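Worksheet for the structure shown next.
The values are calculated or read from the model by the stated rules, or taken from the named source; none is laboratory data. Source: prediction; values computed, not measured. Note that we place each Cβ from the backbone using ideal geometry, even for glycine, and neighbour counts take in every protein chain shown. Note: accessible area is taken over every heavy atom of the protein model, side chains too, but ligands, DNA and RNA are not part of it. Shrake-Rupley method; radii C 1.70, N 1.55, O 1.52, S 1.80 Å.
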Amino acid sequence: MQLESDLILPWRDAPAESTGAFQDAFSHVSRAIQLALREYVPRCYFSSLARYADRERAFPMLVYQCSRPLSFRQGREFTHDLLNSVMMRNLFWSLRTTLPRELTRLEESGIFAGDLTLARMYAQRRYPTIVQFVRSHRKPLDRVLATETSLVNALIQFAGALPSARSEERVAQRLEKSWKGSLSRIYFGVDASPFYEQLLDLATQTLLRCQRMPGENREGIPTTSA
C-alpha cells in the first residue's frame, strides 16, 4: 500500500520529540496500537482450537490478551521495557481480574466441551498456575511485546523523518516494510501483516484526535475493534 497524502500529512505535523506534546500524543497512539493488537493477534492465534493444547505458546498469548497496555504514567516509555522489572511486574499484576474473567468466559462458551483435558487446563481456578508458568517461560510473551515496541519506534522515526525528507514516499515505504515485517513475525503461526492498513489508520486517527483536543481532555480517545 502506498501511503496517501491524507495519511502522511498528520504525521508530518506530529509533535517533535523536543516538544511537550510529543509524549502525550505518542502515548495515546501507542496505547491505541497496543489495544488493537490485543484484540487482533489472540483472535488469529486461537482461531484453531488445537492451539489451546500447546501451553508453552497458548498461555503466553492468553496473558498478552488479558494484560493492560502500558500506562501513561511510565515516564518516556511508550511500550513495555522487557528489562524493567517493575514494568513487567505491573503487567502481570494487571491480570488479576482480566485473566480469571477470560477463563470464565472460555468455560461458559463451551469451547472445550468434550475435551476434559483442555477444560481442566483452562479452569478459572488455574489462573495463578497460568501466570506463574508464563513468568517462568517469558520468551513467547516477550516476542509479541517486543514487536509492539518495534512498531511504535518505527512510527516515531517515520514522523521524525517526514519534515526534512526529500521523498515522503520513500519514507512511507520504509515504514510499510518495517511494520509489515514486524507484524508478519509477531507470534507463532500468526501473520498479522494484513492488519497493517487498519492499524496504521487507527494510529493516524488517534494522532489527529490528539492534535484537535486540549491536553486535559484526551483520556476518552477511543480505540477500535480489530
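How many angstrom lie between the C-alpha centres of segment 170-199 and segment 1-70?
Answer, in whole Å: 11.
So what's the angle, to the nearest 10 degrees on a 0 to 90 scale, between helix 127-136 and the longest Cα principal axis of the chain?
Compared with the principal axis, the helix lies near 60 degrees.
How much of the accessible area of segment 2-154, probe 1.4 Å, is carbon plus sulfur, in whole percent?
Of the solvent-accessible surface of segment 2-154, carbon and sulfur hold 49 percent.
Could you tell me the accessible area of residue 122 in Å² (1.4 Å probe, neighbours in place), rounded to the nearest ten?
0 Å²
If you place +1 on the Cβ of every Lys and Arg, -1 on the Cβ of every Asp and Glu, and leave all else neutral, what size is the dipole of segment 1-113 about its Cα centre, to the nearest 20 Debye?
Magnitude of the dipole: close to 440 debye.
Give me the accessible area of residue 191, 1.4 Å probe, in Å² rounded to the nearest 10.
80 Å²
Residue 80: accessible area at probe 1.4 Å, nearest 10 Å²?
Using a 1.4 Å probe on the heavy atoms, I get roughly 10 Å².
In whole Hz and in residue order, list the ³J(HN,Hα) couplings for segment 191-206 that follow from phi through the Karplus curve 6.51 cos²θ - 1.76 cosθ + 1.60, θ = phi - 60°; x for Gly and Pro.
Computed from phi, the couplings for segment 191-206 are 10, 8, 4, x, 7, 3, 5, 5, 5, 5, 5, 4, 4, 5, 5, 5 Hz.
Ranked from the most accessible area to the least, with a 1.4 Å probe and all protein chains present, what is the order of 182, 136, 71?
Result, largest first: 136, 71, 182.
Sort 180, 139 by accessible area with a 1.4 Å probe, largest first.
Sorted by accessible area, descending: 139, 180.
Which whole-number value in Å² is the accessible area per residue of segment 118-206, probe 1.4 Å?
Each residue of segment 118-206 exposes 48 Å² on average to a 1.4 Å probe.
With all protein chains present and a 1.4 Å probe, how do 156, 130 order by accessible area, largest first?
The residues order as 156, 130, largest area first.
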